[in-house]
Amino acid sequence: MKTIKPLLREPRVVIAGGFLLLLLLIAIFAPYIAPKDPLEQDLMLGNMPPVTSPGAEPGYYLGTDDLGRDVLSRVLYGSRIALTVAFVAASLSAVIGTLMGLAAGWYGGWADRIISRLVDIWMAFPPVLLSVLLVAVLGSGLHSVIAAIVIIDWTRFCRVVRAETMAQARLDYVMAAETIGFSRSHILWREILPNVAPVLIAVVSLEMGIAVIVEAILSFVGLSLSSDIPTWGGMIAQGRQMIHQGWWVFVFPLIALFATVLAFNQLGNGLRKALDPVMRR
Amino acid sequence: MSDLLFEARGVEVTYGQSKGLFGHGRPGVRVLHGVDLAIRRGETVGIVGESGSGKTTLGRALLKLVPVSGGAIRFDGQDITNLSADAMRPLRRRMQMIFQDPMASLNPRHSIRQILTEPLILHGLATDRRDAERQVRAILDRVSLPPVTLDRAPHELSGGQRQRIGIARAVLMKPDFVLADEVVSGLDVSTQAQVLNILKALSQEMGLAMAFISHDLSVIRAVCDRVTVMRFGEVVEEGPCETVFDAPQSHYTRLLLDAIPLPEIDDGWLTRPAPSLENAA
Amino acid sequence: MTQSLVAIEGLSAISTRDGGAPVLRDVSLTLEKGEVRGLVGESGAGKSTIAKALLGILPSTVKVTGGFIRFEGRDLLAMPRRELSDLMGREITLIPQDPQTALNPARRIEAQLTDGLRLKLGMGKAAAHERALQLLDEVQIRNPERVLAAYPHELSGGMRQRILIASAFALNPKLVVADEPTTALDVTVQKEILRLIRRMQEAHGTAVIFVTHDLGVVAKICDRVTLLYAGKVIEDGATAGMLTAPKHIYTSALIAAGPRYDRPNAGLEPVPEAVFRQLRAEIGIAERRV
Amino acid sequence: MTASDLLNRLFMAVLTLMGVAVIVFCLLRIVPGDPIAMMISPSATPADIAALRAHYGLDLGLPQQFGIWFMDVLKGNFGTSISQRRDVMELIGERLPATLELAFAALVFGVLAGGVIATLGTLARRTTLDPALDFINGLFLAVPDFVWALALVLLLGVFWPVFPLSGRIDPTLSTYFHTDFYLIESLVTFKFAAFGDLIAHMVMPMLALGLPLAAIVVRTLKEALAEAMVQDYVLLARLKGMSPLRLVLQEALRNAVGPTLTLTGVQFTFMIGGTVIVERIFSYPGLGNMAIDAVINRDLPLIQGIVLTFGAIFILVNILVDLIAGWLNPRGAAHG
């Protein structure tokens, strides 16, 4: 309870967190909320504009795509893939990257040299190209997308956690723990990790936003999932092709993507501020 | 059993040495040039010097908190110069440290209760949590802090209160030796007197040996039995306080003493030339 | 009665960040031409706030709620911005606390030392250079040409503080505010710097407000001294009088709290809680919560 | 940075590039889908396929393949593109200039825009403009290049079509170029019509890449400036009568560029990585766009060549940034 209060005092956490919670509920209950079947085609009703425009078809609030599929339902369903990728990919890369970062930052020596060199090599790949390449290698599908994101983005956690661990290790409280006789691993897990956690949690949130984007990019390039499954990136790619016939297929998933990424970002920054225990004097 | 607790002979410490793949790497900076120091049981030895004198490094070298590049350190008859971190750990309880900056030396994520009870349990100094709590409350009373302090976080206390927690943490371990590194330099005069009195009384009651590092000769005189004057990583003068303060042998000690402004009117003090010094910096 | 150089009258201020807690309570003091006046007190006493108010650099979180600061009769607090900024740096200058952060690491000493000469006096490059050499000579810096061409990181802390002193006295100011100018220095360097400030002050006939927490430093350099506690003036008078025959019990308690290397058995007497209680009662502060 | 430091860095850079080479090589050998199958006609006999495989060295063991390929790479020979049947180096040489021009344009835009806004924000400290600026910048920080590119397509390409939606230059503008650095060449040869058209094509991808960079520059530089502005040396300069703008530019900026530069360098490499998708969205004929085609076509030699090129650029940028940072910081020598 003690940790919840300061979080609620940070407006960014409340607003962004609230939005993401809503999105999560939409993803879970999409079949009950969505007005239509997102896959149902009706070529008679292709390229219908949203209800605000003249010539709209009632019941299709955000219009239809060229195959007559309901844009609103597809956007709502798209949140399922986006959030699945966000949570799974971000948690997995956080676990791997944090372990590596802690090892490199705390134990130093060979562990640090090897891990840092690995990170250097990873950083020399353009991430988008590498993810496209990985999905090409692994074959398309949700698992591949998540695996590609984890394989690329563990370095993000590794770098942040390594730097933060090294900064914490220089502080006197760590030396104090050493003089008391705590073991190296006790100091790492019980003394240092709680102080690395705020930054880590913030980066997890940012990473969720990045994962959503990467999935969208892969869908956009046409590598992510089969076109049967509605994804925001896939819809955007489809909308990009027919942008002059109907902007709505392009715009609404883009708005959903933008809002989601913005929310993860603001949540992360808000958390970082709210979780800092010591008001710097 | 010898009455000598700590004995350092020809201790050298070099910082920043590194081997490079090409060229010679970095030679590093030698900050201690063969320092001798002896501390008897129950005795408080002051280590005094200006910035760059190596006094803090010497203290940390005694506790093996910095790597020693030359010389030998014996603790209670045992040569600890080359002990590994694991081999040092059982000895850690017997040599404690109080830090200059009490804020940095207390883990900001832990409560005072955690900070004080966990070491007791680690070293088996308390039979159970309740016993640990009892001991901690007793020591809090001894350093004049109310029991509610236990539920506070470090940043909720004042500087003087934090430093008393630092003292409590050190003496709770029932050590033989305490290193006090500039423990009052951040405190106001009125708080400083209180903290020093507590430290002095506790060390007498418990028969503690203490290395008391300070830049302030007046504080050293008030607390210590013997004093070691350092400059540029070497010992300039060493002896019982009465001898060193009342009849200083080295020019440097005389220069230091002369430079201290005492709170009394002495019109000639400012203009009077300093005692001559061969190589004044 | 002749006019004082500085007359602070009933100055009160609050901290807007700290829920409007007073930081200065009805402070009055005067400073005569050419004297060194100490402002002494423990942390939170308000000594630094007074110094900042004199320089017109109070942080935005501190709000003056009453009183005047008169400099040669003119009210600094009511002065138009333009006039004030013309006064600052010319008639009132500052010697800062930490020589490490008071010189710009990216600029050479010459540029920093001649800023005031060129901006306030409109001196040309050559004239400013000549004056800078003269100033460095005055603060006893040998090979001044080399020092002028140096970057701050190439100089020792004592050397930097000398340059800052030279810079503070460069325009023959009437008042120098020295904000804990020796706190960051080693004790041997401190003595040299104290000596230098005193000599420059005497040579230029400048008045100095000397902020410090160290009664020993006060004893050595101040003609008169004001002791503050929680933003309130506790005692005010000639230095000798305050140290030998303090009028307030807090003053004597503070003197007794400081250890002295020449008196191993005196000092180290903590200020009794009764004294703080009396102080709080006098000032009107509610009892502290624990 | 001393000479031996630089040597160390270069050695590490070579190690890193070798790591990249090994990884990309191994990765590509497990790609499902046979590149040969994609390039042959349905009527080819198994013998034809085997011949082709031998031609591209695909019949050898993995270590041999790597050895041969790596020796060739050291000789500057990246092999022949399978899908385009041309020399990989030649293809990269044609496309890289487009990407470099785009990336540098975005860098210049990001640094200039970010620098100006950070300076203005610093001048506006303690006014209501400052938190407003921070808030807006916070939003800009959250939007990645991909989303910017799509939003720009919509805003400046469709709703208010001021800029061309795709390509690098209008194909009807049949200007002949001697080099592949069209922008630079058109400028130095005074072909202003071509120059204008190139710029018009570049605006949107440049904004998509440059806006996130600008936002980062604003935040970092503003924080560094704010830190410098509360230092005593700024206070002293203010007391000496220095104007606010000069305080920021002369006193604070030089001490603030150090940390900003390092971060900008890192972000610049990220931005070059971002060209891949941005070029794709705007059909901009750069290296990144070609890279995605190469992956889709399973064109192994081309992918290897492009990835190594990107890796080399990233490492080079990092070393350059360190060199500049060391040269900018007068204290560097004292610390070294």
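The values are calculated or read from the model by the stated rules, or taken from the named source; none is laboratory data. From a predicted model like this one, the values you see are computed outputs, not experimental measurements. Glycine gets a Cβ as well: all are built from the backbone with ideal geometry, and neighbour counts include every protein chain shown. Just the protein is used for accessible areas: all its heavy atoms, side chains included, with ligands, DNA and RNA removed. Shrake-Rupley method; radii C 1.70, N 1.55, O 1.52, S 1.80 Å.
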For this session: Report the label-to-label distance for residue D:262 and residue D:86 in nanometres (one decimal), using points 7 Å from each Cα along the Cα→Cβ vector.
Result: 4.3 nm
For this session: Tabulate in residue order the Karplus-calculated ³J(HN,Hα) for segment A:262-270, using 6.51 cos²θ - 1.76 cosθ + 1.60 with θ = phi - 60°, rounded to whole Hz; enter x for Gly and Pro.
Result: 4, 5, 4, 5, 5, 4, x, 5, x
Problem set entry | Residues whose placed amide H lies under 5 Å from that of residue B:70, excluding near-sequence neighbours | B:12
Seminar exercise, completed: Dimensionless Rg/Rh of segment D:94-310, both radii on Cα and Rh by Kirkwood, sits at 1.06
Exercise. Chains B and C: buried accessible surface, both sides, probe 1.4 Å, rounded to 100 Å²?
Worked result: 3300 Å²
For this session: May I ask you to evaluate 6.51 cos²θ - 1.76 cosθ + 1.60, the Karplus curve with θ = phi - 60°, for each residue of segment C:181-190 and list the ³J(HN,Hα) values in order in whole Hz, giving x for glycine and proline?
Result: x, 10, 4, 8, 9, 5, 5, 5, 5, 3
Problem set entry | Amide proton proximity set for residue C:62, modelled H, under 5 Å, gap of 5+ | C:16
For this session: Report, for segment B:134-281, the % of DSSP beta bridges that are antiparallel, rounded to 5.
Result: 55 percent
Problem set entry | Links that overshoot a 23 Å alpha carbon limit, given the list C:63/C:232; A:273/C:63; C:52/C:120; A:273/D:222; C:52/D:222 | A:273/C:63; C:52/D:222
Exercise. How far apart, in nm, are the 7 Å Cα→Cβ label points at residue D:66 and residue C:149?
Worked result: 5.6 nm
Exercise. Based on DSSP H assignment, which helices of chain B show an axial Cα extent of at least 30 Å together with a mean Kyte-Doolittle hydropathy greater than or equal to 1.6?
Worked result: none
Exercise. Rounded to the nearest 500, what is chain A's calculated 222 nm mean residue ellipticity when only DSSP H runs of at least 4 contribute -39500 (n - 2.57) each, over all residues?
Worked result: -22500 deg cm²/dmol
For this session: Return the carbon/sulfur percentage of the accessible area of segment A:88-162, one whole number, probe 1.4 Å, all protein chains in place.
Result: 72 percent
Seminar exercise, completed: For segment B:161-281, the percent of accessible surface on carbon and sulfur atoms (probe 1.4 angstrom, ligands and nucleic acids excluded) is 48 percent
For this session: Run the numbers on segment D:226-242: which residues show a drop of 20 Å² or more in accessible area, chain on its own versus all protein chains together, using a 1.4 Å probe over heavy atoms?
Result: D:231, D:232, D:233, D:235, D:236, D:238, D:239, D:240, D:241, D:242
Problem set entry | Residue mean of other protein chain beta carbons inside 10 Å, C:97-105 | 5
Exercise. Roughly what % of DSSP beta bridges within chain B run antiparallel, to the nearest 5?
Worked result: 55 percent
Exercise. C plus D alone minus the pair: what accessible area, both sides summed, probe 1.4 Å, in Å² to 100?
Worked result: 2000 Å²
Seminar exercise, completed: Other residues with Cβ under 15 Å from the Cβ of residue D:276 give, with Lys and Arg +1 and Asp and Glu -1, a net charge of -1
Exercise. Accessible area lost on pairing A with D, both sides, 1.4 Å probe, Å² to nearest 100?
Worked result: 3500 Å²
For this session: Pairs of Cα atoms under 8 Å, at least six residues apart: use those to get the relative contact order of segment D:94-310, whole percent.
Result: 32 percent
Exercise. When the accessible area of segment C:242-290 is split by element with a 1.4 Å probe, what percent falls to carbon and sulfur?
Worked result: 54 percent
Exercise. Around residue C:262, what is the net charge, scoring Lys/Arg as +1 and Asp/Glu as -1 over all other residues with Cβ under 10 Å from its Cβ?
Worked result: +1
For this session: Pairs of Cα atoms under 8 Å, at least six residues apart: use those to get the relative contact order of segment A:114-254, whole percent.
Result: 22 percent
Seminar exercise, completed: In short, segment A:128-175 residues buried by 50 Å² or more of accessible area relative to the isolated chain (1.4 Å probe) are A:128, A:129, A:133, A:136, A:137, A:172, A:173, A:175
For this session: With a 1.4 Å probe and every protein chain left in place, tell me how much accessible area residue D:55 has, in Å² to the nearest 10.
Result: 130 Å²
Seminar exercise, completed: Karplus ³J(HN,Hα) for segment A:242-247 (6.51 cos²θ - 1.76 cosθ + 1.60, θ = phi - 60°; Hz, whole; x = Gly/Pro) runs 10, 5, 7, 7, x, 6
Seminar exercise, completed: Expressed per residue, the solvent accessible area of segment A:4-280 in Å² (1.4 Å probe) is about 40 Å²
Exercise. Using a 1.4 Å probe, what is the accessible area per residue for segment C:103-172, in Å²?
Worked result: 41 Å²
Exercise. What residues qualify as long-range amide H neighbours of residue C:209, i.e. H under 5 Å apart, gap of 5 or more or another chain, H built at 1.01 Å from N?
Worked result: C:37, C:176, C:177, C:178
Seminar exercise, completed: So, over other residues within a Cβ distance under 15 Å of residue B:130, counting Lys, Arg +1 and Asp, Glu -1, the net charge is 0
Seminar exercise, completed: Heavy-atom accessible area with a 1.4 angstrom probe orders B:129, C:37, most exposed first, as B:129, C:37
Problem set entry | Listing of segment B:115-149 residues, each with accessible area lower by at least 40 Å² in the full protein assembly than in the chain alone (probe 1.4 Å) | B:118, B:122
Exercise. Rounded to the nearest 5, what is the percent of antiparallel bridges among the DSSP beta bridges in the protein assembly as shown?
Worked result: 55 percent
Exercise. With every protein chain left in place, what is the accessible area per residue of segment C:193-290 in square angstrom, probe 1.4 Å?
Worked result: 42 Å²
Exercise. Normalised by the number of residues in segment C:170-290, what is the relative contact order in percent for Cα pairs under 8 Å and 6+ residues apart?
Worked result: 15 percent
For this session: Using label points projected 7 Å from each Cα along Cα→Cβ, tell me how many nm separate residue A:7 and residue D:7, to one decimal.
Result: 5.4 nm
